[in-house]
Amino acid sequence: MITLTKEDGPADLDGVTRLSLGVSWDPTAGSSGGVLGKLRRKSGTDLDLIAVAMQGGDPVRLAGLDSLDPMGNGSLVHSGDNQTGHGDGDDETLTVEFARIPPNITSIVFVAAAFKKGSSFQKARNISFKVYDATGGNSQQVADIWPSLLTQDNGCAVAKAVRVGGGWKLEVINVTGKIKQGDEHALMRFAVSK
């Protein structure tokens with residue numbers, strides 16, 4: 001297993017027909033201790049993993065939030081919204097089955113966001129992204145992506161799967177920015193800019 005960084009350049013996905021990207025995080029109390037801190041840890045924090053399917057420079061489908069299968073054919077599927085970060089393993093997962101992705105889709109941008117009002121990266125710790133080769137029904141972790149936690153931003157463009165000829169490549173973006181909370185158009189504009 002490796003840790004992928006922007007400096008590594010695009011990773012060739014030859015032989016990978018099904019890819020999963022998972023995010024996990026732990027809730028934190030932020031700067032609050034005592035009773036308020038315990039309540040914040042108990043309620044957790046809501047981060048969201050979102051995939052934006054692109055046709056050239058235009059976003060055409062969004063997987064995540066309340067859209068779990070935006071293509072309607074199982075080619076881009078979100079596991080569902082974890083609103084707390086509690087529990088072991090991945091809190092949210094996106095799975096791409098490349099052979100089913102419509103030919104007009106040229107890339108898929110994976111974004112993590114503190115999208116809902118009141119949520120923030122500062123209320124989470126140990127945020128990590130895991131890349132899985134899920135070809136053949138078995139899911140094997142092949143890489144980690146660790147974002148910088150020193151940000152006041154609420155969005156992170158994590159990675160992008162890009163169609164190259166008949167295959168796909170995965171490149172790490174790991175760029176943060178501000179996204180207006182609750183605004184799907186702002187989320188899509190953020191993905192387009194990456």
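The values are calculated or read from the model by the stated rules, or taken from the named source; none is laboratory data. Quantities reported herein were computed from a predicted structural model and do not represent experimental measurements. Note: ideal-geometry Cβ built from the backbone for every residue, glycine included; neighbour counts use all protein chains shown.
Taking the condition surrounded by fewer than 18 Cβ atoms within 10 Å (Cβ to Cβ), of a type in the set (D, E, K, R) and more than 15 Å from L47 (Cα to Cα), does D144 pass? Taking the combined requirement at face value, the residue satisfies it. Residue count for the stretch 31-66, restricted to those that are assigned to a loop (DSSP other than H, G, I, E, B) and modelled with pLDDT of 90 or more: 2.
Restricting attention to the stretch 155-185, the residues that are crowded, with 19+ Cβ neighbours inside 10 Å, β-branched (V, I, T), over 13 Å from the mean Cα position of the chain (by Cα) and not in a loop (DSSP other than H, G, I, E, B) add up to 0. Comparison of D69, D14 shows that the only residue that is at pLDDT below 90, part of a loop (DSSP other than H, G, I, E, B) and surrounded by fewer than 14 Cβ atoms within 10 Å (Cβ to Cβ) is D14.
Pairs linking a residue in the stretch 2-25 that is among the aromatic types (F, W, Y) to a residue that is surrounded by 12 or more Cβ atoms within 10 Å (Cβ to Cβ) and assigned to a loop (DSSP other than H, G, I, E, B), with Cβ atoms under 6 Å and 6 or more positions apart or on different chains, are W25/L47; W25/G85. When we screen V111, V96, V192, V164 for residues that are aliphatic (A, V, I, L, M) and touching a Phe, Trp or Tyr at 6+ places or on another chain (Cβ under 8 Å), the only hit is V111. Here Q152 does not fit the description of being farther than 30 Å from P103 by Cα and assigned to a helix (DSSP H, G or I). Is it fair to say A112 is touching a Cys at 6+ places or on another chain (Cβ under 7 Å), assigned to a strand (DSSP E or B), under 27 Å from E7 (Cβ atoms) and of a type in the set (A, V, I, L, M, F, W, C)? Yes. For the stretch 108-139, the set of residues classified as exposed (fewer than 15 other Cβ atoms within 10 Å of the Cβ), farther than 22 Å from I173 by Cα and touching a strand residue (DSSP E or B) at 6+ places or on another chain (Cβ under 9 Å) consists of G136, G137, listed by residue number.
Each row is one residue, and each column tells you yes or no for (1) free of Cβ contacts under 8 Å to residues at least 40 places away in the same chain; (2) in contact with a His (Cβ under 7 Å, 6 or more places away or on another chain); (3) closer than 19 Å to S107 by Cβ.
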{"position": "I127", "(1), (2), (3)": "no, no, no"}
{"position": "K130", "(1), (2), (3)": "no, no, no"}
{"position": "D153", "(1), (2), (3)": "yes, no, no"}
{"position": "L170", "(1), (2), (3)": "no, no, yes"}
{"position": "D183", "(1), (2), (3)": "yes, no, no"}
{"position": "V192", "(1), (2), (3)": "no, no, yes"}
